[in-house]
Amino acid sequence: MDFELSDDQVALCDGIRDLCQGRFDIDTVRGLADCGGVDRQLWSELVDTGVFSLVVPEEDGGVGLGWAEAGLVFEQLGRALVPGPLVGTLLAAGVVDDSVVGLVERTDGSALVEYPDVIDALLVLDGDGVWRVDAAELSFEPAQSVDPLTPVGRVAELPQGDEVGGCYGWVNRAVFLCSALQVGLATGARELAVAYAQERQQFGKPIGQFQAVKHKCADMYSREEVARAALYYASCVLDAPELADEDRAVSGARILAAEAADHNGKDCVQVHGGMGFTWEIDAHLYLKRAWALTPCFGSLDEHAERIAAMV
Amino acid sequence: MDIRFSAEEIAFRDELRDWLGEVLPTLGDPPDRDDWTARRKWDMGWQRKLYDAGYAGINWPSEFGGRGSTPTEHLIFLEETTRMGAPYVGMNFVAQLHAGPTLILEATAEQQARHLPAMLKGEEVWCQGFSEPNAGSDLASLSTRAIRDGDHYVVTGQKIWTSFGHVADYCELLVRTDQEAPKHRGITWLICPMDLPGIEVRPITTVAGSSEFCEVFFDEVRIPVENRVGDENDGWRVAMVTFSFERGTAFISELLGTMNQLAEMAELARGIRRNGSTAWDDDEIRREIGHLQAEYDALWALTKRVVSQAQRTGMPGPGGSVFKLYYAEVKKRMADLAHRMLERGALVLAEGGGDEQTGGDMVASRLYVLSLSIAAGTSEIQRNIIGERILGLPKER
Ligand SMILES: Cc1cc2nc3c(=O)[nH]c(=O)nc-3n(C[C@H](O)[C@H](O)[C@H](O)COP(=O)(O)OP(=O)(O)OC[C@H]3O[C@@H](n4cnc5c(N)ncnc54)[C@H](O)[C@@H]3O)c2cc1C
């Protein structure tokens, strides 16, 4: 057993982090809110780096890595707040030819679709399988998203679409990738809070010297580390399903990652005081993205139920 | 990132399982909580069985009589022994998990030859004499005084919260040897035999009604200088070595025992009938059980990360503080949930108090968990450690 990152995995994380710092700095990311969340040029850089074809086998033109690597990469994307239909596009790689692919669960009545203005196609998940709907077939009523980096549009009724094959275990994989983004968000929010706690002075000293602030930061770190352990464990199980129950591992990661991202987002606002309540400071972006990612593919209660049934 | 066990690790596990399968049925019933003579016999007897089978000092280097196993094998050992219901390390805790490893790194060859084999065979109970009435979280301010008199230290002062102090043969004792030096630089780490004249041990009754820990009074106790571990006034550094072990693997059996307890609780919930349904039919109870399981699974994964770090670097990683902080809170929530399920039943302690360490009685457990955020560094101190040493926030002082 060696549950630490391999050298290759560390190099992969570093590479994606450098890419994010270089091409998705926070000003660029904020700017993406004005173009529906995706800039084709930047998106193609993610495509060229192999972000979306990570788990596609090499013989099919992919990178040929596993879910462990996909999780690490998505963690970095979450940490940098990179927007766009990342989860749908990764799952769709090797299955459909579109380059910006949304993903949504079929529900009765209307559906909220993320990134309505930029997707080429929408994949719809339901109990019978996965269905491709061309973006041209969709007409959206405008809706105001809570998260400026996750624009949404409402579709009165999702078309049936054309069935796509080769979509084994998509729900768990989508949940896993959302969780990875959220662990990254928890990290980003914690880093922002700690940096501010070091720099902001009140009563003649850095606020991070006050225990009420220091201990909040310590709790942020703890949540993040526990969620990360759950995420890495889930990724190992997705890569080797014979090891343990996949549903339990994924649901566990889901719950802890969603809670860590939510709590760390709120704590990050709090540590910033009045600044934390402004649009200018990035704290709200972590929190809002965390919120946008939570109600996807089952509520946290449903995931808790799924685990309870196995205790 | 690979959680799979290697072929050697699996071979190790299978051999261990076979042995446990043979030996555990021969052990008989565990002793009563308050029968200390029987408890000593039980704990030391188990240690001797481990020794005879080659499992004592599982993670100690082989040149010191240990098995020299890897951190992963150590984890497997703790996992299997807990899963199969083997005795807990009990009063061998300090010898096996702190004092032994500290002696291996810091003691002289004579000290090692004198104590390590006896620890492995289950012939010596050790206790930890660090905390004092006025030196708890601020341990370095300790004031138990040791004055050099020829080839002895003459020790006067008081220790408190000394677990197993009333049954111990030896104590890892921190004393002040330099009154003038800054507080961290005047401390010395001594091996103190507990039968020396001038030592008085008074058990303290815990909230659980047991007497797990004691006050220990020292009145001009003469401890030979040859019992010093490390240099004079270098005891704080030696104590830090001791702590790194405390925060490393010490909680593995605890966590696994707790997971067994959660499974028992789920069983119980399915059985408790109220108003025509069961506790399990209560959405909140069921979901909280699922939620707790998710957190324990995550803590188990975190443990594997800490162990993997230890395997690579030789020292447990900072995950130990995170683990301790998080675990204490989750375990308290579990105890509270048990009590919501038990309703009026939560008033009744099982006979004999139950085994509050690893399962069994949930009412006793609700009391025991109160100590988890206090012992071995309070949660507030863990948060300081994380904030200052890991996150780099400015120190308080
Ligand atoms: C079950 C159990 C077994 C133990 N076994 C042993 C043993 O075998 N050997 C041994 O030497 N010791 C033992 N201890 C002692 C334990 O290590 C101490 O209780 C612990 O370090 C706290 O010290 P204290 O009790 O003096 O509390 P204090 O240090 O007085 O703390 C009181 C409260 O103040 C808080 N506090 C203190 N300083 C700060 C600070 N700087 N910032 C914020 N909050 C602070 C604490 O977190 C706590 O909530 C044991 C304790 C327990 C409960």
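Tabulated data for the structure shown
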| item | result |
| --- | --- |
| Members of segment A:117-144 found to be more than 25 Å from A:Arg289 (Cα to Cα), in a strand (DSSP E or B) and among the charged types (D, E, K, R), listed by number | A:Arg132, A:Asp134 |
| Residues satisfying the stated conditions in segment A:219-247, i.e. surrounded by fewer than 22 Cβ atoms within 10 Å (Cβ to Cβ) and either in contact with an Asp or Glu (Cβ under 7 Å, 6 or more places away or on another chain) or of a type in the set (Gly, Ala, Ser) (or both) | A:Ala240, A:Ala244 |
| Filtered residues of segment A:31-61 (kept if over 16 Å from A:Leu177 (Cβ atoms) and either assigned to a loop (DSSP other than H, G, I, E, B) or within 14 Å of chain B (Cβ to nearest Cβ) (or both)) | A:Gly36, A:Gly37, A:Val38, A:Asp39, A:Pro57, A:Gly61 |
| Inter-residue pairs, beta-carbon under 8 Å, first touching a residue at least 12 places away in the same chain (Cβ under 8 Å) and in segment B:284-310, second buried (at least 23 other Cβ atoms within 10 Å of the Cβ) and among the acidic types (Asp, Glu), 6+ apart | B:Leu302/A:Glu225 |
| Qualifying residue in segment B:133-152 (condition: within 15 Å of the ligand (Cβ to nearest atom) and within 14 Å of another protein chain (Cβ to nearest Cβ)) | yes |
| Entirely in segment A:209-311, the helices (runs of 4 or more DSSP H) that have 3 or more residues that are more than 23 Å from A:Asp147 (Cα to Cα) and without any contact (Cβ under 8 Å) to a residue 12 or more places away in the chain | A:211-239, A:300-308 |
| Every residue from segment B:188-241 that is part of a helix (DSSP H, G or I), away from the ligand (no atom under 15 Å from the Cβ), surrounded by fewer than 16 Cβ atoms within 10 Å (Cβ to Cβ) and not charged (D, E, K, R) | B:Val225 |
| Test: residue in segment A:108-116 that is in contact (Cβ under 8 Å) with a residue 24 or more places away in the chain, assigned to a loop (DSSP other than H, G, I, E, B) and not small (Gly, Ala, Ser) | yes |
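Read the figures in this text as sums done on the coordinates, not as results from a lab. A quick note: this is a predicted structure, and the numbers were derived from the prediction, not measured. Virtual Cβ from ideal backbone geometry, glycine too; neighbours counted across all protein chains shown.
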